[in-house]
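Engineer: Quick one: the structure is below, and I'll ask about it shortly.
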């Protein structure tokens, strides 16, 4: 088992990564659940696959289990769905010593974590991510929340989990499109922080896509080490942690403009990473060729490198104005200066962003 420690003082916790570890959820949950009751938040598909195994593990250590099912998909990451969870928690008689278990992908983790953060002014919660994207990104760091029609994650909180349990074997039941989408966040970690890891991904993209146990476990573990280190250094996103937003400024704009569901999150981030690297080159932040390297690995992962003709570049740029990272009306971008090193800029002209998006849509963007 690989164990990655997220060092946050009294809120520190472990990320445990091991194939077949789903059966040990109860062991990880026991110390964080003094009331011996837990609410497992999941959706119907994931619940059918893994709900019984998780419940059995929790019950084996004396924890009473209730299950709350929410609809599947980003469009249901709303305050309305959160209200349904509050009702389910009340019906299950959860109290401040109860545990919320988030079993599923990033949407499940975000909304279950937000419900845990706000119900009874805060319940402990455990992340059990079953998608690649959630395993390497959203389940780590305590950022939880819901969307508004105007944009992603505009309502949220920082609420650290008591732990994150990652079983790479759950990826075998993941639709191939979802696995590819999750790989975007893995690639991001190499671009922003670790050139050696980027080269590992480039050399092993085939085995990783094939979910070969050694390759995918290594990719997950190294991603978790990077993210845990960044979160430990800057829990509240006041400095270093902002680098994790690479690809997300434009990516979130793409998701909003396209309508939730048109793109998977990782697909939109892939488009955002390419666009933001092109912006870096054209604004003099990066040397020519960096965008080519980024585009090459994203294409090899089977992720989109162009903007769909049905998505308005103007709407994407308009959505950026509501980005939660904007300060004093300025949109903050994380731009790669080289593979493994990024800088933050808040003086990028909207016209440059629009030009890049139009070129990516027409296929004329030069990488």
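The values are calculated or read from the model by the stated rules, or taken from the named source; none is laboratory data. Source: prediction; values computed, not measured. So basically every Cβ, Gly included, is an ideal-geometry build from the backbone, and we count neighbours across all protein chains shown.
Engineer: Do we have residue 20 as under 19 Å from residue 228 (Cα atoms) and assigned by TED's automatic domain parsing to the domain that holds residue 69 here?
Structural biologist: Criteria not met by residue 20.
Engineer: Still on this structure, I have one more. Of everything in region 12-28, what is in contact (Cβ under 8 Å) with a residue 60 or more places away in the chain and either surrounded by 18 or more Cβ atoms within 10 Å (Cβ to Cβ) or farther than 15 Å from residue 139 by Cα (or both)? Give them in sequence order.
Structural biologist: First, the residues of region 12-28 that are in contact (Cβ under 8 Å) with a residue 60 or more places away in the chain: 13-22, 24-25, 28.
If the condition is that a residue be in contact (Cβ under 8 Å) with a residue 60 or more places away in the chain and either surrounded by 18 or more Cβ atoms within 10 Å (Cβ to Cβ) or farther than 15 Å from residue 139 by Cα (or both), then 13, 15, 16, 17, 18, 19, 20, 21, 22, 24, 25, 28 are the ones that fit.
Engineer: Listed residues 88, 116; which is crowded, with 24+ Cβ neighbours inside 10 Å, assigned by TED's automatic domain parsing to the domain that holds residue 50 and either at pLDDT 95 or above or out of contact with any helix residue (DSSP H, G or I) (no Cβ under 9 Å at 6 or more places or on another chain) (or both)?
Structural biologist: The unique qualifying residue is 116.
Engineer: Quick check on residue 3: is it free of Cβ contacts under 8 Å to residues at least 40 places away in the same chain and either surrounded by 16 or more Cβ atoms within 10 Å (Cβ to Cβ) or closer than 15 Å to residue 163 by Cα (or both)?
Structural biologist: Criteria met by residue 3.
Engineer: If we only count helices (runs of 4 or more DSSP H) wholly inside region 244-307, which ones have 2 or more residues that are touching a strand residue (DSSP E or B) at 6+ places or on another chain (Cβ under 8 Å), in the same structural domain as residue 150 (by TED's automatic domain parsing) and crowded, with 24+ Cβ neighbours inside 10 Å?
Structural biologist: Result: empty, no element qualifies.
Engineer: Looking only at region 66-79, filter to residues that are out of contact with any strand residue (DSSP E or B) (no Cβ under 9 Å at 6 or more places or on another chain) and surrounded by fewer than 17 Cβ atoms within 10 Å (Cβ to Cβ); which one of those is nearest to residue 256 (Cα to Cα)?
Structural biologist: 73
Engineer: Please verify whether residue 215 is free of Cβ contacts under 8 Å to residues at least 60 places away in the same chain and more than 17 Å from residue 336 (Cβ to Cβ), treating the condition exactly as stated. If you could, list the steps in order and put the result at the bottom.
Structural biologist: Working: free of Cβ contacts under 8 Å to residues at least 60 places away in the same chain: yes; more than 17 Å from residue 336 (Cβ to Cβ): yes.
Answer is yes for this residue.
Engineer: Which of the residues that make up region 193-221 are assigned to a loop (DSSP other than H, G, I, E, B) and either more than 18 Å from residue 181 (Cβ to Cβ) or in contact with a helix residue (DSSP H, G or I) (Cβ under 7 Å, 6 or more places away or on another chain) (or both)?
Structural biologist: Passing the criteria: 194, 211, 212.
Engineer: Looking at (1) within 19 Å of residue 106 (Cα to Cα); (2) crowded, with 24+ Cβ neighbours inside 10 Å, find the lone condition where residue 191 falls short.
Structural biologist: All conditions are met except number (1).
Engineer: Something else about it: Going through 53, 31 one at a time, which residue ends up being modelled with pLDDT under 95 and either assigned by TED's automatic domain parsing to the domain that holds residue 104 or surrounded by 19 or more Cβ atoms within 10 Å (Cβ to Cβ) (or both)?
Structural biologist: After applying the criteria, what remains is 31.
Engineer: Now for a different question. Examine region 326-333 for a residue that is under 30 Å from residue 176 (Cβ atoms), touching a helix residue (DSSP H, G or I) at 6+ places or on another chain (Cβ under 7 Å) and either in a loop (DSSP other than H, G, I, E, B) or free of Cβ contacts under 8 Å to residues at least 40 places away in the same chain (or both), and state whether such a residue exists.
Structural biologist: For region 326-333, residues under 30 Å from residue 176 (Cβ atoms), touching a helix residue (DSSP H, G or I) at 6+ places or on another chain (Cβ under 7 Å) and either in a loop (DSSP other than H, G, I, E, B) or free of Cβ contacts under 8 Å to residues at least 40 places away in the same chain (or both): absent.
Engineer: So which residues in region 222-247 are out of contact with any helix residue (DSSP H, G or I) (no Cβ under 7 Å at 6 or more places or on another chain) and within 28 Å of residue 331 (Cα to Cα), if there are any at all? Walk me through it before giving the result.
Structural biologist: Here is the first cut: in region 222-247, the ones out of contact with any helix residue (DSSP H, G or I) (no Cβ under 7 Å at 6 or more places or on another chain) are 225, 228-229, 232, 235-239, 242, 245.
Passing the criteria: 228, 229, 232, 235, 236, 237, 238, 239, 242, 245.
Engineer: Of the residues that make up region 98-105, is at least one under 23 Å from residue 136 (Cα atoms) and surrounded by fewer than 22 Cβ atoms within 10 Å (Cβ to Cβ)?
Structural biologist: Among the residues of region 98-105, not one is under 23 Å from residue 136 (Cα atoms) and surrounded by fewer than 22 Cβ atoms within 10 Å (Cβ to Cβ), which makes the answer no.
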